[in-house]
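First up is the structure itself, then whatever we jot down about it.
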Amino acid sequence: MEQEKIDKKTSAGLTDVDALRATLCRLSDDGVLEQKQRDEIAVALPAALDSGAYVLRHLAVHLGIGGVRTVLMIPFPVGSILRPLWVAAWRVYETVRRRPERAAVHSVIVFLFAILPVIGYLAYLISLRRVDESLAFVMVNHLCYKRRDCHYQQWYAQRSILMRKLLQTTIPAAVPEKINTR
């Protein structure tokens, strides 16, 4: 029960159902989602948020690391140091506690992705995609709208070829074919 309160408090900014539904409406208005897809994802959203709460908490921490760097104006790559340390520490912690399903969230690919400048903040979207692909799709678009005022596909198109290759294997660029409707 206490862990549930912590999960909800830490990732509260990412789990605002109304804000995520507004993202879905904007995706529909921008022509990324059809109305039927939007409605299906909106219905499944509360269950998806529950199933992805653990991953969202770690995603929130990674985003917070970026905020700390911005506020303190530190000239060296704090994020590229702290994010992988966070992943490794939690991998060890969950392994020692004998929780392999939680340790798997902190995978080697998440660790390696966390090292990368700028896009490393999104490393936990890899694990979120495994939990619920439609939630990962909504989340990446939600973050793009908040930070860049465009949907993910527009932001993605503006990246370099190397960056697009990295992103395409980890972050869901397109609408998920199958919507989880638990």
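The values are calculated or read from the model by the stated rules, or taken from the named source; none is laboratory data. Keep in mind that what you see is a predicted model, and the values were worked out from it rather than measured. Cβ atoms come from the backbone with ideal geometry, glycine included; neighbour counts cover every protein chain shown.
What to note about this one:
- Residues in region 114-149 that are farther than 28 Å from Ala44 by Cα and out of contact with any helix residue (DSSP H, G or I) (no Cβ under 6 Å at 6 or more places or on another chain) were compared, and the one that is surrounded by the fewest Cβ atoms within 10 Å (Cβ to Cβ) is Val118.
- Region 82-117: number of residues that are in a helix (DSSP H, G or I), charged (D, E, K, R) and over 24 Å from Leu162 (Cα atoms): 4
- For region 21-38, filtered to residues that are without any contact (Cβ under 8 Å) to a residue 40 or more places away in the chain and outside any loop (DSSP other than H, G, I, E, B), the residue that is surrounded by the most Cβ atoms within 10 Å (Cβ to Cβ) is Arg38.
- When the helices (runs of 4 or more DSSP H) confined to region 118-182 are screened for residues that are modelled with pLDDT of 80 or more and β-branched (Val, Ile, Thr), those reaching at least 1 such residues are found at 124-131, 133-148, 161-168.
- Single match in Gly64, Gly52, Gly79 (criterion: crowded, with 19+ Cβ neighbours inside 10 Å and either closer than 18 Å to Ile171 by Cα or under 14 Å from the mean Cα position of the chain (by Cα) (or both)): Gly52
- Test result for Val43, of a type in the set (A, V, I, L, M, F, W, C), surrounded by fewer than 17 Cβ atoms within 10 Å (Cβ to Cβ), in contact (Cβ under 8 Å) with a residue 60 or more places away in the chain and farther than 20 Å from Thr170 by Cβ: yes
- Test for Ala114: is it modelled with pLDDT under 90 and either in contact with a Pro (Cβ under 6 Å, 6 or more places away or on another chain) or under 14 Å from Leu27 (Cα atoms) (or both): no
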